[in-house]
1. Cα centroids of region 56-75 and region 108-122: how far apart, whole angstrom?
2. LEU161 to TYR4: FRET efficiency via 1/(1 + (r/R0)^6), r the Cβ-Cβ distance, R0 30 Å, to the nearest 0.05?
3. So what are the ³J(HN,Hα) numbers for region 108-124, from phi and the Karplus equation (6.51, -1.76, 1.60; θ = phi - 60°), rounded to whole Hz, Gly and Pro as x?
4. If packing is taken as the average count of other Cβ atoms within 10 Å, what order do 55-63, 81-89 fall into, highest mean first?
5. Distance in nm between label sites at ASP14 and ASP41, each 7 Å beyond Cα in the beta-carbon direction?
6. Once phi is turned into ³J(HN,Hα) by the Karplus curve 6.51 cos²θ - 1.76 cosθ + 1.60 with θ = phi - 60°, what whole-Hz value does each residue of region 64-81 show in order, with x for glycine and proline?
7. Can you say what percent of the DSSP beta bridges in the chain, counting only those with both residues inside, are antiparallel? Round to 5.
8. Amide H neighbours of VAL79 under 5 Å, counting only residues 5+ apart in sequence or on other chains, H built in-plane at 1.01 Å?
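The values are calculated or read from the model by the stated rules, or taken from the named source; none is laboratory data. Computed from a predicted model, the values in this text were never measured in an experiment. Glycine gets a Cβ as well: all are built from the backbone with ideal geometry, and neighbour counts include every protein chain shown. With ligands, DNA and RNA removed, areas are computed over all heavy atoms of the protein, side chains included. Shrake-Rupley method; radii C 1.70, N 1.55, O 1.52, S 1.80 Å.
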Amino acid sequence: AAFYLFCHDDVRLDPDVVRLLVEEAFRSNAGIVGPKIVSWDDVRQLQSVGIAVDRFGERDAVVSADEIDQEQHDNVRDVFFVSSSVFLVRADLFSALHGLDPETSPGSEDLDLCWRSWLIGARVVIAPDAVGVVEQSPQTIKGEGEKEKSTKANRNELRSLARARLRVVMTCI
């Protein structure tokens, strides 16, 4: 295979998405291509059109929360990384990078793969004509005046995410 498509099980793709991602990979000479990602509940609501990071590896979304798609991000453009919800990667690049680093999963595998691809000169782009519809993760519902309680599981999950992100930053700098 010339390309690998990674897709989470909570993603719905239009029939032409894979074709559009492959075409953009050839047109842009890109190593990794991601689609525009919209909400399952409201396809007008943008979820992701690429992601930026600060020097500590902290995510900085290109779109704001609850941003409605009015074609304001409909240009093919380079991004630092794309969401692991769905992306296409060249098979030769994936092999050269030795695949996904299991130490960065879950939570930072997308940042790690894209950052390493940038380091060897491969482009990471968004193809906004290709659209992935992603089911949103459930929001924490809090009563009025009630603070969200931190559980041991939440602390362990946050610790694992921070550890994975730190690994990415330390190995890619």
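1. That distance is 20 Å.
2. Details: r = 25 Å, r/R0 = 0.82.
FRET efficiency, LEU161 to TYR4: 0.75.
3. These are the phi-based 3J(HN,Hα) values: 10, 5, 5, 4, 4, 4, 5, 4, 5, 5, 4, 4, 9, x, 8, 7, 10 Hz.
4. Working: 55-63: 13.4, 81-89: 24.4.
Ranking, from highest mean packing down: 81-89, 55-63.
5. Taking the two extended label points, one gets 2.3 nm.
6. 8, 4, 6, 6, 8, 6, 10, 6, 6, 10, 8, 10, 5, 7, 6, 10, 5, 7
7. Details: 19 of 28 bridges.
Here the antiparallel bridges make up roughly 70 percent for the chain.
8. VAL124, VAL125, ILE126
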